[in-house]
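Below are the structure tokens for one structure; questions will follow.
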Amino acid sequence: MLQDLIERFLAGDGGPAADQVGLGMLLAEVHNQSRERLNQALRPLGLNVRGFAVLLALPMYGPVSQRELMDRTGIDKSAMVRLIDELEEGGVVSRRRAPQDRRAYCIVLTPHGERTLEMARRATEQVGEHIFGWLTEPERRHLVDLLRGVAGRAAPSRPEVSGATARGRER
């Protein structure tokens, strides 16, 4: 049913406005379907896409605080606390006191977490190959460039700062 509506929108049946909505709906549908496939592949490992994103981020950024993980992954505070609790219960991460601030904690991968991350990489590579394997490498790069352009234009714009306001902030 949804596919029929999206196809009608994209076919121009509703004019330019419907075409724009159809594109957005198509992007959302692709996101939802690929996320579900990834979640299916990660479920046997006790993970989901968000947990996998955290596990991927830890080796990239080193032991980091939950706050930094929130900023890096875009996961909101309440979801991050719940996610880290679940990952810690699963034995894949641990909270350790931050050496620079004894009140704060850093999140680190455990040895079990490192093994889980490797298994999750293999599982998600298979899903990625299924979804994107039909694209050539130049087509993949082009798709990434197009999606980055769309993401940049879709992001909420910030109000312009007038010269007087900007100068006032410099003082």
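I'd like to check something: does the range 105-112 contain any residue that is open to solvent by less than 50 Å² (accessible area, probe 1.4 Å) and of a type in the set (F, W, Y)?
Checked against the condition, which is being open to solvent by less than 50 Å² (accessible area, probe 1.4 Å) and of a type in the set (F, W, Y), the range 105-112 yields no hits at all.
Out of E86, E118, E36, I need the residue that is touching a residue at least 12 places away in the same chain (Cβ under 8 Å), assigned to a helix (DSSP H, G or I) and out of contact with any strand residue (DSSP E or B) (no Cβ under 9 Å at 6 or more places or on another chain). Which one?
The unique qualifying residue is E86.
Another one. Could you grab the pairs with beta carbons closer than 8 Å, sequence gap of 6+ or different chains, first residue in the range 70-83 and in a loop (DSSP other than H, G, I, E, B), second one surrounded by 10 or more Cβ atoms within 10 Å (Cβ to Cβ)?
I75/R50; I75/A53; I75/V54; I75/L69; I75/L83; D76/M70
So, one more: Restricting the range 30-84 to residues that are among the hydroxyl-bearing types (S, T, Y), within 16 Å of the chain's Cα centre (by Cα) and modelled with pLDDT under 95, which is least open to solvent (accessible area, probe 1.4 Å)?
Residue satisfying both the conditions and the ranking: T73.
The values are calculated or read from the model by the stated rules, or taken from the named source; none is laboratory data. Note that the structure is predicted; figures quoted are calculated from it, not measured. Cβ coordinates were reconstructed from backbone atoms using ideal geometry, including for glycine residues, and neighbour counts include every protein chain displayed. For the accessible areas, the whole protein counts, side chains as well, though only heavy atoms, and no ligand, DNA or RNA atoms are used. Shrake-Rupley method; radii C 1.70, N 1.55, O 1.52, S 1.80 Å.
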